[in-house]
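A.B. asks: Got a structure for you, questions after.
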Amino acid sequence: MTTNSGDHDATADVLEGAGAFLTFHVSDLEASIRWYSAVFRCEPRSRGADASLAGQITEFALFRLAGMNVFLSEDSSMQGPRDPHSPTLVFMTRQRLAQLRHELAGRGALFNDGEVVEGFPADADGVRAGRNAEFLWFYDPDGNKMEFCRTLPAAPGGAAGAG
């Protein structure tokens, strides 16, 4: 790792003027746009293409989901399952997750009910809970992982409990 002090003002905020984006790679952009539009009930804010110096064109669509800019970038060479440690887009919510999961499933969200997560068993609705929060994971058709998470109210005595 190298550092470059150059002419950069050491007191300047490195994020000044920046925006936050997450990129999910998808194998079929049109199918993914349909899926994201159905599940999140919104349309892409923009669409476009980026060209490399060698002339390779990559098409993309930009969604804004709960304040996060999410790029869907087409990569038709994608094959096989995703790395289980790939980025997860997390939505913090106050909604009850069991009801939310049923709504998402009705819109086409994909769930892997066979996933085993040590210490976080799934209930009959597919919602997992720890001591402080409950969560559910779902996936787009290319295996990009998303999560809804709800913190649990503190139980008497200060420890979080089932809420």
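Any read-out appearing in this document is the output of simple, stated calculations on the displayed coordinates, not a laboratory observation. Since the model is a prediction, treat every value here as computed from it, not as a measurement. Here the Cβ is made from the backbone with ideal geometry for all residues, glycine too, and neighbour counts use every protein chain on show.
A.B. asks: Collect residues whose amide H, placed 1.01 Å from N in the peptide plane, falls under 5 Å from the amide H of Thr23; neighbours closer than 5 in sequence don't count.
C.D. replies: Amide H neighbours of Thr23: Phe71.
A.B. asks: Please list, by residue number, every one of the GluC sites (Glu not before Pro) in the stretch 42-132 that is coil in DSSP and has at most 13 other beta-carbon atoms within 10 Å.
C.D. replies: Glu115, Glu118
A.B. asks: If I model a spin label as a point 7 Å beyond the Cα along the Cα-Cβ vector, how far apart are those points for Arg107 and Leu15 in nm?
C.D. replies: So the label points at Arg107 and Leu15 sit 2.6 nm apart.
A.B. asks: Quote to one decimal, in nm, the extra length available between Met92 and Ser73 on full extension: 0.36 nm per residue of separation minus the C-alpha distance between them.
C.D. replies: Residue separation times 0.36 nm, minus the Cα-Cα distance, leaves 4.4 nm.
A.B. asks: At 0.36 nm per residue, and after removing the present C-alpha to C-alpha distance, how many nm does the segment from Arg45 to Tyr139 gain when stretched out fully?
C.D. replies: Extra length from Arg45 to Tyr139 when fully extended: 31.7 nm.
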